[in-house]
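Derivation of every value follows stated rules applied to the coordinates shown; laboratory data play no part. Keep in mind the model is a prediction, meaning the values are calculated, not measured. Here Cβ is always computed from backbone atoms with ideal geometry, including for glycine, and neighbour counts include all displayed protein chains.
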Amino acid sequence: MSARAAKPLPPSLYAETAIPPLDLDRLAGDLRAGIAIIGGGITGLSSALHLAELGFDVLLLEAHEPGWGASARNGGQINPGFKPDPDQVERDFGEFGRRMVHFSYAAPDALFRLVERYQLQCEARQTGTLRAATTSKTLNDLTRLSAQYAALGMAADLLDAEDAFAATGHRRYRGILRDPCGGSVNPLGYVRGLANAAIAAGARLYGRSPVVQLSRTSDGAWRVCTPNGSVVADRLIIGTNGYTDNLWPNLKRTIVPVWSGITSTEPLPDPVARQIMPNGGVLYELGSVTVYYRLDVANRLLIGGRSSLRDMRGPEGFRYLQRYAVKLWPALNSVAWTHGWNGQLGMTADHYPHLHEPEPDVLMALGYNGRGVAMATAMGGVIARRISGEPPEALDMPITDIKPIPLHGLWPLAVRGRLAWGHMRDRMGL
């Protein structure tokens, strides 16, 4: 993170319903650690937990509080897979790509195993992910994806339009592919649970401690400086994802921050809730502009999609999502919308998460392309394996070079243009 002053967690439904926040100290004075981790989101916390379990001396620095960024502002969906389909992954990475596909598909299981092992109180439910086709093109995409899953021995059910109606309570979709391994969590509760588990395993966590400078010591270690202290560490991990800044050269230019917004209802009456995804699960639409939704444990509807490129708070800023929800389920017309919030996701040009090792004692992971809850959790395990000495070829994700996106400074214009183009394509059924 940068020298930005520590900020309180933005208001959201999660902030009201998650387990209590951690009372973390601010880093003060000069400390020593085997591994310093920058960023207290899922990447950093999963890395800290996995490494502490292995006996490493881990110290994590978060500029605000754990989960302040996208890790606790997302839709709470635990989705398997990459954005590119399995055949594309194998075309891009060859035989290594098949291992990547299985790793990405199993990422939700890695998360739910952690939840079970540490009894994390985060409303976790492994009730499946529904990928929904709104056009004939996206239905064809789902049909191909279903065949690819079957060829790889991965479970998924292709639902026709009638079964899609039974699963969602409306007739918007041509078909749905259901992945049984997906599900949902309260992401802030999950992040706070990960932080508690990491501390219990022996990791040291500090909040309100933005990293303002990195430098080498005379003996080749890393000095990580905050406004009130420093840490000298043998190894460095950076896990700042959608809120990556200029701390490491060119890293910020490898991702485009895309803003996603969510709005939620009051707890729905049972007759209304039974009309919305009666069989459970979480859903996201396939299309140029993604919309996603789920019911939480209190029968609140949470629906999300792309938002304005600025912080937004309160349900008033997300009327377009609320109108869409009422169009799907007219019974919501008289329901109160109580919350709205947004945050930045890290998108990469190739739509894959990136794992970098720019120096032998530095690892960084970012760019989860809207699938970060499960994938960042699993990536923490990959980072721990690498630090434990496994060679790159034994990992489940490739270590790649830092490659800045050309004309990166124009990203706000590009994002706005991409959204406008995507809305037009979806309206035309392309």
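Expressed in nm to one decimal, what extension gain is obtained for the pair Arg98 and Arg113 from 0.36 nm per residue of sequence separation less their Cα-Cα distance?
Values: separation 15, 0.36 × 15 = 5.40 nm, distance 2.27 nm.
Length gained between Arg98 and Arg113: 3.1 nm.
Report, ordered by chain and residue number, the aspartates and glutamates lying within cross-link reach of Lys403, taken as a straight Cα distance under 13 Å and ignoring same-chain residues fewer than 8 apart.
Once the sequence-local aspartates and glutamates are set aside, what remains near Lys403 is Asp350, Glu357.
Among the complete DSSP H segments of the chain, which ones combine at least 20 Å of alpha-carbon extent along their axis with a mean Kyte-Doolittle hydropathy of -1.0 or more?
Working: long enough: 95-118 (34 Å, -0.23); 136-151 (23 Å, -0.40); 187-201 (21 Å, 0.91); 372-387 (22 Å, 1.09); 411-428 (25 Å, -0.54).
Flagged H segments are 95-118, 136-151, 187-201, 372-387, 411-428.
Fewest Cβ neighbours within 10 Å first, please rank Ser307, Ser218 accordingly. Provide the component values of the computation, followed by the final result.
Working: Ser307 23, Ser218 6.
Going from least to most buried by this count: Ser218, Ser307.
I want to make sure I understand the PRE zone here: with the label point 7 angstrom from the Cα of Gln213 toward its beta carbon, which residues in the stretch 40-77 have backbone N atoms less than 13 Å away?
none
Separation of the stretch 49-82 and the stretch 335-375 by C-alpha centroid, Å?
Cα centres, the stretch 49-82 to the stretch 335-375: 11 Å.
Hey, if you put +1 on the Cβ of every Lys and Arg and -1 on every Asp and Glu Cβ in the chain, which of Leu24, Asn241, Tyr118 ends up farthest toward the positive end of that dipole?
Asn241
Quick check on the exposure proxy: order Lys83, Lys7 from fewest to most C-beta atoms within 10 angstrom.
Details: Lys83 17, Lys7 12.
Fewest to most other Cβ atoms nearby, the residues stand as Lys7, Lys83.
Give me Tyr105, Tyr173 ranked fewest to most by other Cβ atoms within 10 Å of their Cβ, as a rough exposure proxy.
Numbers: Tyr105 22, Tyr173 27.
Least crowded to most crowded, the residues run Tyr105, Tyr173.
If you place +1 on the Cβ of every Lys and Arg and -1 on the Cβ of every Asp and Glu, how big does the dipole about the Cα centre of the chain come out, in debye to the nearest 20?
Values: 44 positive and 40 negative charges, 272 e Å.
I would put it at about 1300 debye.
Of Leu332, Phe165, Ala221, which is farthest on the positive side of the dipole of the chain, counting Cα position, with +1 on Lys and Arg Cβ, -1 on Asp and Glu Cβ, and the Cα centre as origin?
Of the listed residues, the answer is Leu332.
Check cross-link reach from Lys252 to the aspartates and glutamates: straight Cα distance under 14 Å, and skip same-chain residues fewer than eight apart.
Here the aspartates and glutamates satisfying the reach criterion relative to Lys252 are Asp401.
If the cut-off is a Cα-Cα distance under 24 Å, which lysines reach Lys137, setting aside same-chain residues fewer than 8 apart in sequence?
Filter leaves Lys83, Lys327.
Express the Stokes-Einstein translational diffusion coefficient of the chain in µm² s⁻¹, to the nearest whole number, given a Kirkwood radius over alpha-carbon pairs, 37 °C and a viscosity of 0.692 mPa s. Could the numbers behind the result be given before it?
Working: Rh = 21.9 Å.
Result for D is 150 µm²/s.
Using +1 at the Cβ of each Lys and Arg and -1 at the Cβ of each Asp and Glu in the chain, identify which of Asn342, Gly317, Met154 lies farthest towards the dipole's positive end.
Gly317
For the stretch 139-206, what is the charge dipole size about the Cα centre, in debye to the nearest 20, if Lys and Arg each add +1 at the Cβ and Asp and Glu each add -1 at the Cβ?
Values: 7 positive and 6 negative charges, 75 e Å.
Result for the stretch 139-206 is approximately 360 debye, rounded to the nearest 20.
For a quick check: with amide H placed at 1.01 Å from N, whose amide H comes under 5 Å from Ala124's, ignoring anything fewer than 5 positions away on the same chain?
Asn186
If contacts are Cα pairs under 8 angstrom and at least 6 residues apart, what is the relative contact order of the chain in percent?
24 percent
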